[in-house]
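Encoded as structure tokens, the structure appears first; notes follow it.
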Amino acid sequence: MSMALSFRICSSPLICKATLSNADNNRNHHHANDAAFIRRAADLAEMSAGLTSPHPNFGCVIATSSGKVSGEGYLYAQGTKPAEALAVEAAGEFCRGSTAYLNMEPGDCHGDHTAVSALVQAGVERVVVGIRHPLQHLRGSAIRELRSHGIEVNVLGEDFESKVLEDARKSCLLVNAPLIHRACSRVPFSVLKYAMTLDGKIAASSGHAAWISSKLSRTRVFELRGRSDAVIVGGNTVRQDDPRLTARHGQGHTPTRIVMSQSLDLPEKANLWDASEVSTIVVTQRGARKSFQKFLASKCVEVVEFDMLNPREVMEYFHLRGYLSILWECGGTLAASAISSSVIHKVVAFVAPKIIGGRNAPSPVGELGMVEMTQALNLIDVCYEQVGPDMLVSGFLQPIPDLLPVIPSEDATFEIDPTVNPFESSIIFFYKTWDLYGSFSNFSPHPIRMPYVGENDDYMTWSSVEHYYQANKFVGVENPMALDCVEKIRTARSPEEAALIGRKTQRHKPELVRKDWEDVKIEVMYMALKCKFSTYPHLKSMLLSTAGSVLVEASPHDLFWGGGREGEGLNYLGRLLMQLRSEYMGESSVSAENTSLA
Ligand SMILES: NC(=O)C1=CN([C@@H]2O[C@H](COP(=O)(O)OP(=O)(O)OC[C@H]3O[C@@H](n4cnc5c(N)ncnc54)[C@H](OP(=O)(O)O)[C@@H]3O)[C@@H](O)[C@H]2O)C=CC1
Ligand SMILES: Nc1c(N[C@@H]2O[C@H](COP(=O)(O)O)[C@@H](O)[C@H]2O)[nH]c(=O)[nH]c1=O
């Protein structure tokens with residue numbers, strides 16, 4: 001069940017301002033202040049949209065008791081300092097007795113408590129939270145911890161309500177809509193974007209479409225791409241437009257490009273096959289044009305086959321791969337199919353003051369099978385904005401789920417069913433870094449200092465276990481290209497990038513892979529894991545806390561390191577972690593024995 005994000009109107013009857021008591025006036029004043037600061041926290045969080053994925057967007061404002069802002073901060077990118085720590089640093093001594101405003105409850109998925117500790121140690125007196133963390137395993141823990149330190153914590157919509165606060169809470173839901181969707185559904189948050197003429201065409205009847213919207217509007221599209229994990233088009237748009245689908249506004253990240261094509265009847269020469277800067281994934285029907293699949297692979301374009309190629313299956317697949325937000329830039333054929341499959345959540349339409357006409361000129365949404373206007377889909381929370389000469393109309397086809405009633409807090413879950421303990425399980429699955437036990441993933445942002453295997457003196461920092469593991473595939477090979485590859489992996493901006501370089505090079509240039517790789521890879525991984533868990537004591541404690549449980553890396557694709565979709569994988573990563581855990585447990589029992597003997 002989800003609830004439309006319509007504003008809740010205060011149930012009290014109209015009260016003449018003159019009759020408000022002092023207490024009412026005071027409360028209204030506080031609410032207005034709280035609302036303004038929470039909105040500011042949401043605005044700050046918004047500043048890094050697209051950069052923090054897969055982590056949420058966090059903003060924090062510290063205000064003194066007289067209502068002055070003394071410090072602000074936002075999570076700049078995944079793995080950087082939390083917003084709360086930055087705001088506390090900026091506010092300095094003004095933190096004591098202040099109120100901290102957070103658009104969202106901090107999520108402590110790596111067990112290091114940095115955000116909460118920063119607020120506690122700085123002497124913050126009160127914390128106002130826009131929304132609780134949407135992920136069940138993180139929901140409520142930071143709030144509980146803050147309260148346990150005697151800090152007053154108010155959550156909008158739970159502790160107090162008013163129109164102005166509801167408005168502020170809504171801005172917090174909007175800024176992290178993709179993560180909220182992740183918490184509630186099995187598909188990523190999807191935005192359908194198109195540019196159309198005033199007479200409702202997305203191209204001339206010839207198919208020519210460059211350009212309908214103005215340059216300013218197209219720059220806005222680059223920004224939209226920069227906030228998305230992937231941009232998707234249909235085969236026809238590739239054939240017709242030869243798009244690049246890159247974010248070219250000079251900042252932010254560049255999304256993966258996805259092409260949906262049943263026939264794979266696609267041109268050999270296309271901008272999307274240049275995967276040197278951004279990767280492209282083609283999703284297709286199982287068995288389609290094998291020769292073309294080979295050709296794409298030679299261009300480093302990944303091909304994923306589906307038994308049933310339809311938008312829902314494709315979105316469920318990308319959800320599993322960790323994608324949070326998708327921008328659909330397809331034509332009307334695929335757009336209609338996506339809307340019919342209920343995978344589109346928001347529509348962003350640029351309307352240009354131009355008329356092109358043409359009976360056969362395509363329109364933004366193809367056949368939906370509706371026959372009466374009463375069947376039309378109504379957008380909610382519609383916004384209108386002029387962008388240069390164009391009008392930008394956006395709105396939601398499906399409301400952002402309101403987590404208040406949908407996902408009970410952990411406390412509430414216990415109240416409903418005291419026998420339910422979400423943390424009790426004999427199998428612990430981990431996969432994505434933001435999930436519970438996500439720190440067990442090789443992609444977790446925990447740098448390690450390790451030498452190349454076989455060379456003991458040359459220690460260097462690797463941004464993650466994945467960086468180290470992938471680089472080791474090419475270590476010791478006497479070929480300058482192998483050395484170059486190691487360096488590229490070592491300096492890759494993210495574990496995902498490191499994995500991409502490592503896997504692609506292994507596939508396309510097998511001569512660069514060290515001869516003993518298959519024999520040593522488990523040892524390489526074990527050494528890296530040992531280094532990671534020994535470097536970070538809270539990770540070691542987290543690993544020890546899983547004693548008695550089977551650890552499984554829930555990767556649906558990796559059948560060697562992961563457990564596979566239905567347990568068919570060998571789960572070597574889970575096994576190595578369990579081995580490490582028993583090694584640590586052995587150590588602690590030996591040291592306990594020694595202490596008792598002493
Ligand atoms: N102004 C704008 O904002 C935009 C304009 N355009 C214009 O639109 C025109 C292309 O529109 P259109 O033909 O609708 O192109 P689409 O981008 O919708 O591509 C349709 C193709 O998508 C593939 N597809 C795969 N699975 C499905 C599915 N389940 N349902 C539907 N399609 C699927 C098929 O490719 P295959 O045939 O390979 O199997 C199908 O032919 C061009 O003229 C282009 O310039 C396009 C995008 C945006
Ligand atoms: N024609 C049209 C759009 N078309 C979309 O943009 C894609 C081209 O992107 P790129 O190659 O990166 O510039 C194209 O394939 C289609 O998806 N978009 C707009 O904002 N306005 C326009 O007028």
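Values for this structure:
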| item | result |
| --- | --- |
| Ellipsoid semi-axes in whole angstrom, largest first, where each is sqrt(5λ) of the Cα gyration tensor of region 463-598 | 32, 18, 13 |
| Ser342 accessible area, 1.4 Å probe, all protein chains in place, Å² to nearest 10 | 60 |
| Partner lysines for Lys515 [C-alpha distance under 16 Å; skip if fewer than 8 residues away on the same chain] | Lys473 |
| Amide H partners (placed H, <5 Å) of Ile428, local residues excluded | Val550, Leu551, Val552 |
| Percent accessible area from carbon and sulfur atoms, the chain, protein chains only, probe 1.4 Å | 53 |
| Amide N proximity, region 256-275 versus Glu367 label position 7 Å along Cα-to-Cβ, cut-off under 19 Å | 262-263 |
| Contour minus Cα-Cα distance for Lys81 and Lys515 (0.36 nm per residue) | 152.2 nm |
| The chain: antiparallel DSSP beta bridges as a percent of all, rounded to 5 | 35 |
| Whole-Hz ³J(HN,Hα) from phi, Karplus 6.51 cos²θ - 1.76 cosθ + 1.60, for region 576-583, glycine and proline x | 5, 5, 5, 5, 4, 4, 5, 5 |
| Inter-site label distance for Lys504 and Arg248 at 7 Å from Cα along Cβ, in nm | 2.0 |
| Gyration tensor verdict on region 456-496 (Cα atoms; rounded if a/c is under 1.5, prolate if a/b is larger than b/c, oblate otherwise) | oblate |
| Length added when fully stretched, Lys299-Cys383, from 0.36 nm per residue minus Cα-Cα | 26.1 nm |
| Contact order relative to length of the chain, as percent, for alpha carbon pairs under 8 angstrom and 6 or more apart | 12 |
| Estimated distance in nm for a label pair at Asp167 and Ser291, the labels positioned 7 Å out from Cα along Cα-to-Cβ | 6.4 |
| Whichever aspartates and glutamates have a C-alpha closer than 14 Å to that of Lys68, once near sequence neighbours (fewer than 8 apart) are set aside | Asp34, Glu93 |
| Exposure rule at most 13 other beta-carbon atoms within 10 Å, DSSP loop GluC sites (Glu not before Pro): the chain longest free segment | 1-267 |
| At R0 = 45 Å, FRET efficiency that the Cβ-Cβ distance of Ser65 and Thr219 yields, to 0.05 | 0.60 |
| The chain - Debye-derived log10 I(q)/I(0), Cα point model, q = 0.06, 0.07, 0.12 Å⁻¹ | -0.36, -0.49, -1.36 |
| Dipole moment magnitude, nearest 20 debye, the chain about Cα centre, only Lys, Arg, Asp, Glu C-beta charged | 1580 |
| Helix-only mean residue ellipticity at 222 nm for the chain, each DSSP H run of n ≥ 4 adding -39500 (n - 2.57), per residue, nearest 500 | -11000 deg cm²/dmol |
| Cleavage-rule hits (trypsin sites (Lys or Arg not before Pro)) in region 453-550: DSSP loop, at most 15 neighbouring Cβ within 10 angstrom | Arg493, Lys515 |
| Accessible surface, per residue, of region 97-179 when the full set of protein chains is kept, probe 1.4 Å, Å² | 30 |
| Calculated from backbone phi, Karplus (6.51, -1.76, 1.60) coupling profile of region 372-383 in Hz, x at Gly/Pro | 10, 4, 5, 7, 4, 7, 8, 7, 10, 6, 6, 10 |
| Computed label-point distance, nm, for sites Phe306 and Leu559 using a 7 Å Cα→Cβ extension | 2.2 |
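The values are calculated or read from the model by the stated rules, or taken from the named source; none is laboratory data. Quick caveat, the model's predicted, so the values are computed rather than measured. No Cβ is skipped: glycine too gets one built from the backbone with ideal geometry, and neighbour counts run over all protein chains shown. Only protein heavy atoms, including side chains, enter the accessible area calculation; ligands, DNA and RNA are left aside. Shrake-Rupley method; radii C 1.70, N 1.55, O 1.52, S 1.80 Å.
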